[in-house]
There are 2 protein chains.
Amino acid sequence: MKQNLSDDLLQQLKECLFTGALLPGAELTSQRRMSASLKVSRATVREAVGQLEAEGYVEVRHGGKTRAKNLLEPHFNMSLGEGKALGDNPEFQRQVLEVRAMLEGEAAFYTAQRATDDQLKALDAEYRKMQQRQQETTLEKAKEDLRFHMMIAESSHHLLIISFSQLFYTRFFNAIYGVLIRTLKTNGRYPEGIRAQHSAIHQAIMQRDAEAARSAASEHILYTRRHLEKD
Amino acid sequence: MKQNLSDDLLQQLKECLFTGALLPGAELTSQRRMSASLKVSRATVREAVGQLEAEGYVEVRHGGKTRAKNLLEPHFNMSLGEGKALGDNPEFQRQVLEVRAMLEGEAAFYTAQRATDDQLKALDAEYRKMQQRQQETTLEKAKEDLRFHMMIAESSHHLLIISFSQLFYTRFFNAIYGVLIRTLKTNGRYPEGIRAQHSAIHQAIMQRDAEAARSAASEHILYTRRHLEKD
DNA sequence: ACTCGAAACTGGTCTGACCAAAAGCCTAGG
DNA sequence: CCTAGGCTTTTGGTCAGACCAGTTTCGAGT
């Protein structure tokens, strides 16, 4: 079962990618460092990294750092969501909310179960920052909201959820933002329920109550959807 | 439009393969000769040849000559072999199951709510067909199972769920299939719970009971996951 | 004619060097 | 304060030449 050194290394690197030890967007150690720490030549490292790139798992730029790619990205280039045409479509916005409801519910669930203490601490800090800042533009509020949810997703230790969340939030930001705009228009102001819901999610995760976290996160999104349906 | 030297060479070699200048079984010139005749270093040649091998176009044996493979071969591997490392990874398999649990739960939920009568009829027909056929290979059972779930997803009238399901099932079929194989190995036979669970999903959707459909579909997947964790 | 081993291939790895692109840093000028 | 500009470091891309390890080839000795 002995194979090439470079194949060994390739396998090893893939392992890191599939288990989530190397998250999408994370930087790989440089070829020279790998070469030194693994006691193989840089040529061998290059061979392995080259394969990884060819298979679409990492992105390597001359002079820049090599970083892990999102596993789902190559398969997510559909005509969907490109542009705000879809972002303004109420039916599409509704669907985005429904997916968010399940996605963020699951993310919160696994985060409550698996987040490291450091991640919980960072999440707590972000939450408090979010609670303080008040007078901001709608756009900033939306971004802040997304950052909070993205942090939860990243703490889930669930490669697929992390990958999908990344793609989803970036691709469909327009639709998500559009929902907020429309809510403000219909409702007159930022719905007062949001604050309490964020608090509930935060609290459930901090107490590592997975089920509560899931339903709180899910409810948070469905609450927004109900606001939208009043039209 | 200038790219890497090795990429240039890779492209060039592919040309030879696709135009038939290099027929299946033919020997490639050695890396040293290429390096000399093209005035590039052997490292560059190796990079290109390595890619070719990774893509399945040539076969290279230590000490022996490198020869062109049958062009159709990579496409056959595509159906099953793409990313074998990924499909065999237990941790990844578990994550795939978890995503399936939420994805298929939601799909069943919306299908129960929104499927047209025609879609329900087609689903019913597929279900009955599935119940009849018994003696089949594991592979065929897996495909059948996936077809059933894909039909549910397609009946959900939910663009995002449909799109994601399609990508997910085709892309990660290996991991899904790997789960089945592993279950069979651990368990000795096809778990008897599956049949009843399919029935429960089918029944809930037919009665348009969305909540029941969701939990039945979700439970179906989680049941499989539990089987896997017995190791 | 056959066998077998040396020699001449092949690909796999290593070393250390240089180039070019990107990133980081640090200073001078707003 | 901080931003724009250059300088240095770090990164990936390529190169040369060497050695190791399998394969193949082919001729000498039987």
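Annotations for the structure displayed:
- Of the residues A:176, A:201, A:194, the single one that is in a helix (DSSP H, G or I), within 25 Å of residue A:71 (Cβ to Cβ) and assigned by TED's automatic domain parsing to the domain that holds residue A:121 is A:176.
- Scope the stretch B:110-163; condition among the aromatic types (Phe, Trp, Tyr) and either under 17 Å from residue A:92 (Cα atoms) or at pLDDT below 85 (or both); matching residues: B:110
- Among residues that are within 8 Å of DNA strand D (Cβ to nearest atom) and of a type in the set (D, E, K, R), residue A:59 is not included.
- Lone qualifier among B:166, B:131 - being of a type outside the set (A, V, I, L, M) and either away from every other protein chain (no Cβ under 13 Å) or farther than 28 Å from residue A:55 by Cα (or both): B:131
- Restricting attention to the stretch A:40-55 and to residues that are charged (D, E, K, R) and more than 11 Å from DNA strand C (Cβ to nearest atom), the residue that is surrounded by the fewest Cβ atoms within 10 Å (Cβ to Cβ) turns out to be A:53.
- Per-region count, the stretch B:8-39, residues among the acidic types (Asp, Glu), part of a helix (DSSP H, G or I) and exposed (fewer than 15 other Cβ atoms within 10 Å of the Cβ): 1
- Residues of the stretch A:54-64 classified as outside any loop (DSSP other than H, G, I, E, B) and either out of contact with any strand residue (DSSP E or B) (no Cβ under 7 Å at 6 or more places or on another chain) or in the same structural domain as residue A:163 (by TED's automatic domain parsing) (or both), total: 1
- Summed over the stretch A:38-51, the residues that are more than 11 Å from DNA strand D (Cβ to nearest atom) and of a type in the set (A, V, I, L, M) give a count of 3.
The values are calculated or read from the model by the stated rules, or taken from the named source; none is laboratory data. Nothing here was measured: the structure is a model prediction, and the numbers come from that model. Using ideal geometry, Cβ is built from the backbone for each residue, glycine included, and neighbour counts are taken over all protein chains shown.
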